[in-house]
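> Here's a structure for you.
FYI, it's all coordinate maths here, none of it is from the lab. On a predicted model such as this, the values are computed, not experimentally measured, just so you know. Glycine also receives a Cβ, built like all others from the backbone with ideal geometry; neighbour counts cover every protein chain displayed.
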């Protein structure tokens, strides 16, 4: 398991320099829309604290901060923290928030052993990252551990599409076109073969909902987006 995690970490380190561009280009910029939909599920009040797990280059944490700034609460009264195991990704995330002067903190850490005390955060989120964690249930349990009772756990992830006709065209793109373009643009022969394969081997949304329940979440619900290729899951930590 440790070797598998190191392989994934090294892969993301290699493609970090092209990661944002490829996310936007290969998803036709739908990734921005999906993050906004996930952020809409956050419930924070003044003094709230949010955690972005497997934060990568920080796009979800930044989307959350910007949404709070315009629609939720005063951003100066809410703190967002991102954690990821890939230094190269975190370096890019820190460059973004420094450039835009955003008060977001990024730390290097393992999703299986989060470096925070119990019941620290009001909500925890992960976007397109849980799929790459070698022990997903343990990661979910860790995220629940660090959020307060009654806090929300939000997961945004890719899935195989649910609409039959759309599915046929999408899978051709996903299995053949995306890996081809990804290899050319990232100059990495393995990463953009691994990423589609990891989605096709992942749970269904219903199976992942059950995994969240097994990890200890209550009131777990999910919403499919864009023909089912993405879903937002929301669960609640028991207690108040």
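> Which part of the stretch 198-228 falls in the paramagnetic zone of residue 134, meaning amide N under 18 Å from the point 7 Å along Cα-to-beta-carbon?
Only 198 pass the distance filter.
> Would you mind checking the tilt of helix 191-200 against the longest principal axis of the Cα atoms of the chain, expressed as 0 to 90 degrees and rounded to 10?
The angle comes out near 70 degrees.
> Any number yet on Rg/Rh for the stretch 124-203, C-alpha, Kirkwood?
1.08
> Could you tell me whether the stretch 1-128 comes out rounded, prolate or oblate from its Cα gyration tensor? Rule is a ≥ b ≥ c as square roots of the eigenvalues, rounded for a/c under 1.5, then prolate if a/b exceeds b/c, otherwise oblate.
Taking the square roots of the gyration eigenvalues as a ≥ b ≥ c, the stretch 1-128 is oblate.
> To test your reading of the geometry: what angle, between 0 and 90 degrees and rounded to tens, separates the Cα axis of helix 136-146 from the longest principal axis of the chain?
20
> Quick one: what Rg and Dmax do you get for the stretch 188-240 from the alpha carbons, in Å?
Looking at the stretch 188-240, its Cα Rg and Dmax stand at 14.1, 48 Å.
> Given an 8 Å cut-off on Cα distances and at least 6 residues of separation, report the relative contact order of the chain as a percent.
Contact order relative to length: 20 percent.
> Classify the stretch 113-159 as rounded, prolate or oblate, taking a ≥ b ≥ c as the square roots of the eigenvalues of its Cα gyration tensor: rounded when a/c is under 1.5, otherwise prolate if a/b is larger than b/c and oblate if not.
Note, shape of the stretch 113-159 comes out oblate.
> Going by average Cβ density within 10 Å per residue, which order do the peptides 123-136, 224-237, 173-186 take, highest to lowest?
123-136, 224-237, 173-186
> Oh, and also: Given labels modelled 7 Å from the Cα in the Cβ direction, how far is it in nm from residue 94 to residue 198?
Between residue 94 and residue 198, the simple spin-label model gives 2.3 nm.
> Sticking with the crude label model, points 7 Å out along Cα→Cβ, report the distance from residue 3 to residue 120 in nm, one decimal please.
About 3.2 nm separates the two model spin labels.
> If we restrict to alpha carbons, what Rg and Dmax does the chain come to, in Å?
Just the Cα atoms of the chain yield Rg and Dmax of 17.0, 50 Å.
> Compute the acute angle (0 to 90°) between the alpha-carbon long axis of helix 205-215 and the principal axis of greatest extent of the alpha-carbon atoms of the chain; round to the nearest 10°.
40
> Further question on the same structure: How many nm is it between the label spots at residue 190 and residue 167, if each spot is 7 Å from the Cα in line with the beta carbon?
Distance between the two pseudo-spin positions: 3.1 nm.
> Suppose we keep just the DSSP beta bridges with both residues in the stretch 31-179; what percent of those would be antiparallel, to 5?
Here the share of antiparallel DSSP bridges comes out near 5 percent.
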